[in-house]
Each structure stands twice: as structure tokens, then as C-alpha cells.
């Protein structure tokens, strides 16, 4: 379908998650509660449960990193200001041994984030464009989009709606201009899926002949999107504006509550995450990359709740439901993971990891591959020494040539003197 996201990396993941969302919605429809808000919550729970192993590894890394932070800073302080090769190699080796001691990888956390990122972006894509992935919701736009496609002036009027602001390029696409049925109908679905209450009113006033289809479509979508008395297809900002205009107190509370809860749950989630120990009294060492990174993460944790509230105001409330559900699930996971790690015998874990690292190093020392590396290193050293010796012999030959010609009655800077020096130099090299 043309309304589905088609990115090379996120696109296939969104396609797979779209099938999951479609399955959840189908089951809810079979039991008589086809509700988008409930489907989003169940969908979010299922995805985060599937991501639990990766989440556990990531949070375990953060927890253990906070425990080993003092030792890591001690190593950095030990080699602070030392830029020679031996010191850098020694620091690298001690850091590697420290990570091995605690059983964590220096790149492990980044790898887990890289794996999770396409999934989380795909989640957003599916929830943001539910009709593209959920058959029941998509069918709710029919027969209205078919009627609009065959109505004169519909394309021009659809472009004037607020919901069309993000789809301007689709109206100028060759497929749309050529009248491709699927493309035109998908474009209309995209616009109507983002249409505001005012858009639906304008649509009904402009196309009076389609009044019954417009009413039926809008009513079905409101039924799907109704969650705890709110239409999650609307943005909270739109809810607040409508509440002030019509003096609807409960709608005003709902419009404020969604972004407020998104910010609050995000703040709680960041507070539950393991924090690195601060041994510098809040000061950041400019020569300590880990300290600078920790300070950046601290700033991001402060800003994230405000950013969540800001975006929730302008995006459909369904996205706010997703963020709230995701933050609550992550917080519960974090509490369980923290409790599990706190009950773990860290000393026994360290001893086990240290022994494992020693065995690994012993095995590497006796492996044929390491012996080949050692031989390669020896050959490189011998080659370097040979080149150095040859260079010294050439310098001696050049000095001898200069001394020979300094005693002759030839002008020092003449062309003949330079030619004789080159000739003598070559002859001495050939003899050697």
C-alpha cells in the first residue's frame, strides 16, 4: 500500500509490526471492542515484552557501569595528561580488564540501542498511520474515498484541509495526476486520517451530496478512536481549543491530561534509570569523555519530559497514549530489573567474570593465530631495523663524498661539483 512507510530499514520492520497491530485489532473486533486506544496499549505491551531481553542487558550494563564508575575514574586519573604510546596502551588494557571484570562490553549498550532503534521508529510509523496497516480501520473510509475520487473539484478542496498539510507532494505525484485509483484513494485516506473536526465540518458543507457518507465515516472513526471519553484521533491542543469554544470542562481536562501524563511518566522513567556516581561535586572534567557523556545524558533526561509534553500537544492523542503506555511499561521493567540486579551477588559475579577473562587470555596466548601475529610483529621489527641500518650507511657514504670534494679546487656551488658528488655517492653505494 502506498500509505505504508517505505524506508529501506524501518519500512520492513513497520510492515511486520503492522501485521501484529492488524491481528490485535481483528481480535478486538471479534470480541466486540474494536478500539484504537486499547489496541495501541496491547500493541505496546507486546512489543516491550519482546524487547525485554535486550532491555535487561542494556539496564544491567547501565547498573554495573554505575558500580564500576569509581574504578574507571581511578584509571583515567592515573593516566591523566599522559599522551605517550606506552601509557595509552596501558590505560586501554586496564580499562578492558575492568570491563571484563564486571562482565560488560564497552560497546554492548550501543549495540542494543542500535538493534532497538528501528523497532521503536517502526512502532511510531504504525501508530501514526494506522489505516495503512489495519484493514478494519482502512475499510471505514469506504465508500467515501471512492465517491470523492469521482467527484469534480474534490482533489482541489482536499488540499485546503488542515489534514493535508503533510501530504502536499502526493497531490503532485505522477500517479495522482494520472488518476491511479489506489494512489488517489490512499492519499485521501491519509488526509482524512489527520483531518480535524473543523475539516470534517467543511467537507460536509462543501459536498452536501455526500453528506450521508461523510457522517457515517466520521461516526465510525469516532467510535474506533473513542478512549476514556476522548477522541484520540484529535490533538490535545485541538481538544483544548474546542473545550474553550464550547465550554466543555471535561474535554479541557482530557486535553491537558494527555501531555501532562506523558511528561510525568517520562520523568519517572528517567529517575528509575541507573545514575552514574558523581564524585566531582557536579563539576565536569573537560578531559574526561565519560563525564561529559554523563552530563549530556543528565541534560537529556531533564529535557525529555518537556519535549514529550510539547509534541503530545500537537500530535494526535493516540501518540500520547503510546508514549504514556511505553513509559509505564519501561518503568515497571526498570523496577523489576533493578531489584533483580540489586539482589545479585556482585562480588561473586566479579570473581566469575575475572576467572573467565583469565582463561580467555591464556587461550589466546597459546592460539596459533596469536603466534602468527607475534611472528608478523617480529618480522616488522627486523625489517624496520634493517631499513634504519641501511639509512645510516647511506648517510656515512654521503658524508665521505662531501669530504672528498671539499679538498679539491672546484667551486663549492658549481654544477661540476654537484655532479661529481652524485657520481661519487653512487659509486660508494655500489661498492657497499
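If residue 273 satisfies all but one of (1) modelled with pLDDT under 85; (2) touching a strand residue (DSSP E or B) at 6+ places or on another chain (Cβ under 6 Å), what's the number of the condition it fails?
Tallying (1) modelled with pLDDT under 85; (2) touching a strand residue (DSSP E or B) at 6+ places or on another chain (Cβ under 6 Å), residue 273 fails exactly one: (2).
Could we say that residue 147 is closer than 30 Å to residue 38 by Cβ and part of a helix (DSSP H, G or I) here?
Spelling it out, it is not the case that residue 147 is closer than 30 Å to residue 38 by Cβ and part of a helix (DSSP H, G or I).
Checking the structure you have, find out if any residue of region 311-329 is surrounded by 15 or more Cβ atoms within 10 Å (Cβ to Cβ), modelled with pLDDT under 85, assigned to a loop (DSSP other than H, G, I, E, B) and out of contact with any helix residue (DSSP H, G or I) (no Cβ under 7 Å at 6 or more places or on another chain).
yes
With the requirement that a residue be assigned to a helix (DSSP H, G or I) and either touching a residue at least 60 places away in the same chain (Cβ under 8 Å) or closer than 24 Å to residue 217 by Cα (or both), what does region 255-275 give you?
Of everything in region 255-275, those that are assigned to a helix (DSSP H, G or I) and either touching a residue at least 60 places away in the same chain (Cβ under 8 Å) or closer than 24 Å to residue 217 by Cα (or both) turn out to be 255, 258, 259, 261, 262, 265, 266, 268, 269, 272.
Take the conditions at pLDDT 85 or above, part of a helix (DSSP H, G or I) and within 14 Å of residue 154 (Cβ to Cβ) and apply them to residue 237. Does it pass?
In short, no.
Going through 300, 304 one at a time, which residue ends up being in contact with a helix residue (DSSP H, G or I) (Cβ under 9 Å, 6 or more places away or on another chain) and either more than 24 Å from residue 68 (Cβ to Cβ) or at pLDDT 85 or above (or both)?
Matching residue, one of 300, 304: 304.
When you scan region 52-60, do you find a residue that is free of Cβ contacts under 8 Å to residues at least 12 places away in the same chain and either over 30 Å from residue 344 (Cβ atoms) or in contact with a strand residue (DSSP E or B) (Cβ under 9 Å, 6 or more places away or on another chain) (or both), even just one?
The answer is no; no qualifying residue exists.
This table checks each residue for (1) surrounded by fewer than 18 Cβ atoms within 10 Å (Cβ to Cβ); (2) at pLDDT below 80; (3) out of contact with any helix residue (DSSP H, G or I) (no Cβ under 7 Å at 6 or more places or on another chain); (4) part of a helix (DSSP H, G or I).
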{"residue": "1", "(1), (2), (3), (4)": "yes, yes, no, no"}
{"residue": "11", "(1), (2), (3), (4)": "yes, no, yes, yes"}
{"residue": "18", "(1), (2), (3), (4)": "no, no, no, yes"}
{"residue": "40", "(1), (2), (3), (4)": "no, no, no, yes"}
{"residue": "60", "(1), (2), (3), (4)": "no, yes, no, yes"}
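Hey, any hits in region 365-383 for a residue that's surrounded by 11 or more Cβ atoms within 10 Å (Cβ to Cβ), farther than 30 Å from residue 270 by Cα, at pLDDT 70 or above and over 26 Å from the mean Cα position of the chain (by Cα)?
Looking for residues that are surrounded by 11 or more Cβ atoms within 10 Å (Cβ to Cβ), farther than 30 Å from residue 270 by Cα, at pLDDT 70 or above and over 26 Å from the mean Cα position of the chain (by Cα), one finds none in region 365-383, hence no.
Are there any helices (runs of 4 or more DSSP H) wholly within region 155-230 with 1 or more residues that are crowded, with 20+ Cβ neighbours inside 10 Å, and if so which?
Passing ranges, in order: 168-171, 181-193, 197-206, 211-225.
Checking the conditions here, which among 338, 353 is part of a helix (DSSP H, G or I), more than 15 Å from residue 257 (Cα to Cα) and touching a helix residue (DSSP H, G or I) at 6+ places or on another chain (Cβ under 6 Å)?
Testing whether each residue is part of a helix (DSSP H, G or I), more than 15 Å from residue 257 (Cα to Cα) and touching a helix residue (DSSP H, G or I) at 6+ places or on another chain (Cβ under 6 Å) leaves just 353.
Quick check on my filter: what residues within region 25-36 are over 14 Å from residue 131 (Cα atoms) and part of a helix (DSSP H, G or I)?
27, 28, 29, 30
The values are calculated or read from the model by the stated rules, or taken from the named source; none is laboratory data. Computed from a predicted structure; not experimentally measured. With ideal geometry, Cβ positions are generated from the backbone for all residues, glycine too; neighbour counts draw on all protein chains shown.
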